[in-house]
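See below for the structure under consideration.
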Amino acid sequence: MTAPRLEIHLDRIGQNAALLVERLGGRGIQITGVTKATLGSPEVARVLLEAGVARLGESRIDNIEALRRAGITAEITLIRSPMLSQVARVVASADVSLNTEMVVIEGLSRVAAEQGRSHGVVLMVELGDLREGIMPDDVDAVARHVAELPNIVLRGIGTNLACHSGIAPDAQNMAELSALAISLEARLGTTFDIVSGGNSANLNWALGDEGVGRINDLRLGESILLGREPLDRRTVDGLRTDGFTLVAEVIESKVKPTRPWGEVHQNAFGAVASPHDLGDAPRAILAVGRQDLDPAGLVPPEGVEILGSSSDHLIVTAAACPAVGREMAFRVDGYGALLAAMTSPFVSRSYQR
């Protein structure tokens, strides 16, 4: 097999998804299974659907279109606000989109009428993280207008926390979202089928002892794929963290000094090295680098330490020099490392069950 490659363990991802579906289902919360870190992988999407997620979530219309071409017919939500220039593609391929701008929703309405389709809209509310969202005092007027637009179905409201400013979902902001949903439902004379509380950062709150109110949906990616919650990067009880393995090949293996020599300046990425002199030690270079992934998100095999990286090289030390041509397997532990590895055209993918 070629290297570098990402080995994707579908059975482990499916186990995580099924366990979260069961736990959150007991709290009245469905899961939107987010595939964006896998570039809309149809293989991962099918595993999530088999595990019982209510719908899929994607941030790029290109990935949604790829899922449709692969035969995925399940409901898919575009979880990033649509580009105004892409509203026709959004309506054609996505069932629902998360929105904050009236001009975009009006565009969705117009093209939905032209295509003879209806399109679901979830209004995102700003609750403190300062990424996307309508200010709470403005939501009522926006919702009333959206409810009157032709070919648009107001499916509900949602929020996003922890992604930009690191604001944690808690009893207070989730109660605010719940109260806002109840108020809007009463004023509009409807019942929302989606009140989306957020992402994997919501798990500590959602699986806690307090009630969840009207929150009935979470958009989960990192927790399913990597088994972690993003607030403190802790493993979620019972979840597997070994869903992805990065395999790379050794291209140099030598004993070298541990301290560089010569006049020290910044390296290729603006850092200044300050290594300790520990004498000579085995060092190996693997054919993968920062153009392919974030090395900080890799866990090396036992007895191996990552020393650093450049754009195309990963430098490690081990107890003994590994043979040139040997492969090393690293557990992918960071969301950034997974995103980059899935995006790199130089990293192949191997799906395993």
Within the range 1-30, of all residues that are closer than 16 Å to residue 238 by Cβ and touching a Gly at 6+ places or on another chain (Cβ under 7 Å), the one surrounded by the fewest Cβ atoms within 10 Å (Cβ to Cβ) is 18
What is the number of the single condition among (1) in a loop (DSSP other than H, G, I, E, B); (2) in contact with a helix residue (DSSP H, G or I) (Cβ under 8 Å, 6 or more places away or on another chain) that residue 164 does not meet? (2)
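Here is a yes/no grid of residues against (1) under 15 Å from residue 195 (Cβ atoms); (2) among the β-branched types (Val, Ile, Thr):
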residue: 142; (1), (2): no, yes
residue: 159; (1), (2): yes, yes
residue: 167; (1), (2): no, yes
residue: 172; (1), (2): no, no
residue: 175; (1), (2): yes, no
Using the structure shown, decide if residue 240 is of a type outside the set (A, V, I, L, M, F, W, C), in contact (Cβ under 8 Å) with a residue 12 or more places away in the chain and surrounded by fewer than 14 Cβ atoms within 10 Å (Cβ to Cβ). no
The range 297-333, subset of a type in the set (Ser, Thr, Tyr) and buried (at least 18 other Cβ atoms within 10 Å of the Cβ), residue farthest from residue 278 (Cα to Cα): 309
Testing residue 43 on (1) surrounded by fewer than 23 Cβ atoms within 10 Å (Cβ to Cβ); (2) assigned to a loop (DSSP other than H, G, I, E, B); (3) modelled with pLDDT of 95 or more, one condition comes back false. Which one is that? (2)
State all residues of the range 211-240 that are among the acidic types (Asp, Glu) and either outside any strand (DSSP E or B) or more than 19 Å from residue 160 (Cβ to Cβ) (or both); if no residue qualifies, say none. 222, 232, 237
Exactly one of 17, 92, 113 is out of contact with any Asp or Glu (no Cβ under 9 Å at 6 or more places or on another chain), at negative phi and not assigned by TED's automatic domain parsing to the domain that holds residue 328, and that residue is 113
Only one residue in 3, 70, 37 is in contact with a Phe, Trp or Tyr (Cβ under 8 Å, 6 or more places away or on another chain) and of a type in the set (Gly, Ala, Ser). Which one? 37
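The values are calculated or read from the model by the stated rules, or taken from the named source; none is laboratory data. Here the structure is a predicted model, which means the values were calculated and not measured. Ideal geometry is used to build each Cβ from the backbone, glycine not excepted, and the neighbour counts take in all protein chains shown.
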